[in-house]
Amino acid sequence: MSLSSSSSSQVQSLLKLDTRASKRSNTLLEQSVARPRRDKVSLSAFAFIFGEIIRYSQNRVLGIQDLESKLNDLGKRVGVRVFELTMWREKTVHRESRVLQTLVFINTVVWRALFDKQADSLERSTESEDEYMITDNEPAILKYISVPKEMSSFSPGAFISGIVEAIAECCLCPARVTSHVVPADGLPLRTVILLKFDKEVMEREKRLEAGK
């Protein structure tokens, strides 16, 4: 059976489109992961996807705590991959295993890899020696996320806390990590990532300090 001239033209057009798409795909796969890509993901595109993730998860949980737990788990999966990628790009031959070095690594290297900037502050709690806080005054992923009044206690930053928790675990400094929106003047989205390190980690730190 022979094709008509119009059908033949359509087939050729589809083949050209397929070839172009294949070339773009090959170019993407051939890019080196050792260097950050120059082209960035559109923030509005990410916000749309992130918003849909929240909506999808919200329909499958019983409450805010469960929703934050789901986002935290998703962040952990991302965090492991971010750790591997940043270690590769930084050409680091050993992973950090001390609390302070791990925190600085997250505050600088990881934050730049994720958000193209360093976190705004890194502080130690004045009440508990095992608690530290990383603050981002304007988290990029929350820019287009609107939390309804009836869910005012919900923190979308649970996704970020999951990333941080996974990286702390990869650095042999396991901690319980939570996210808290703490607005300040002119900074309605200011988010504090609170890390509470495991008891074993702090005991190890004391032994290492004593052995200096």
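The values are calculated or read from the model by the stated rules, or taken from the named source; none is laboratory data. All values derive from a computational prediction rather than experimental measurement. No Cβ is skipped: glycine too gets one built from the backbone with ideal geometry, and neighbour counts run over all protein chains shown. We work out accessible area using only protein heavy atoms, side chains counted, and drop any ligands, DNA or RNA first. Shrake-Rupley method; radii C 1.70, N 1.55, O 1.52, S 1.80 Å.
Within the stretch 149-212, all pairs of alpha-carbon atoms sorted by distance into 5 Å bins from zero give the percentages 4, 17, 19, 18, 14, 11, 9, 5, 3, 1, 0.
Protection proxy ranking of 116-125, 135-144, 160-169, 43-52, by the mean of other Cβ atoms within 10 Å over each peptide's residues and highest first, is 160-169, 135-144, 116-125, 43-52. Taking 7 Å steps out from each Cα toward its Cβ at residue 151 and residue 176 produces label points 2.4 nm apart. Note that the stretch 68-75 has calculated 3J(HN,Hα) couplings of 5, 5, 5, 5, 4, 4, 5, x Hz, one per residue in order, obtained from phi through the Karplus relation 6.51 cos²θ - 1.76 cosθ + 1.60 (θ = phi - 60°); glycine and proline are x. For the stretch 58-168, the ratio of Cα radius of gyration to the globular rule of thumb 2.2 N^0.38 Å stands at 1.14. Extending 7 Å from the Cα toward the beta-carbon at both residue 144 and residue 84 defines two label points whose distance is 2.9 nm.
Evaluating 6.51 cos²θ - 1.76 cosθ + 1.60 at θ = phi - 60° for every residue in the stretch 120-133, the Karplus couplings come out as 6, 7, 9, 9, 9, 5, 7, 9, 9, 6, 9, 10, 10, 10 Hz, glycine and proline recorded as x.
Annotation: amide H-H contacts under 5 Å for residue 125 (H modelled 1.01 Å from N, sequence separation of 5 or more, or interchain): 131, 132, 133.
Hand me the trypsin sites (Lys or Arg not before Pro) from the stretch 38-101 located in a DSSP loop with no more than 13 other Cβ atoms within 10 Å, in residue order please. Within the stretch 38-101, the qualifying trypsin sites (Lys or Arg not before Pro) (loop, at most 13 other Cβ atoms within 10 Å) are 38, 40, 60, 91. By its C-alpha gyration tensor, with a ≥ b ≥ c as the square roots of the eigenvalues, how is the stretch 122-164 shaped: rounded for a/c under 1.5, else prolate for a/b larger than b/c, else oblate? Note, shape of the stretch 122-164 comes out prolate. If the chain linking residue 95 and residue 118 were pulled fully straight, counting 0.36 nm for each residue of separation and taking away their Cα-Cα distance, it would gain 6.3 nm. At the residue level, residue 192 shows approximately 20 square angstrom of accessible surface with a 1.4 angstrom probe and all protein chains present.
Checking the cross-link pairs 70/196; 91/196; 91/117; 76/206; 117/143; 40/149 against a 22 Å limit on the alpha carbon distance flags 91/196; 76/206; 40/149 as lying beyond it.
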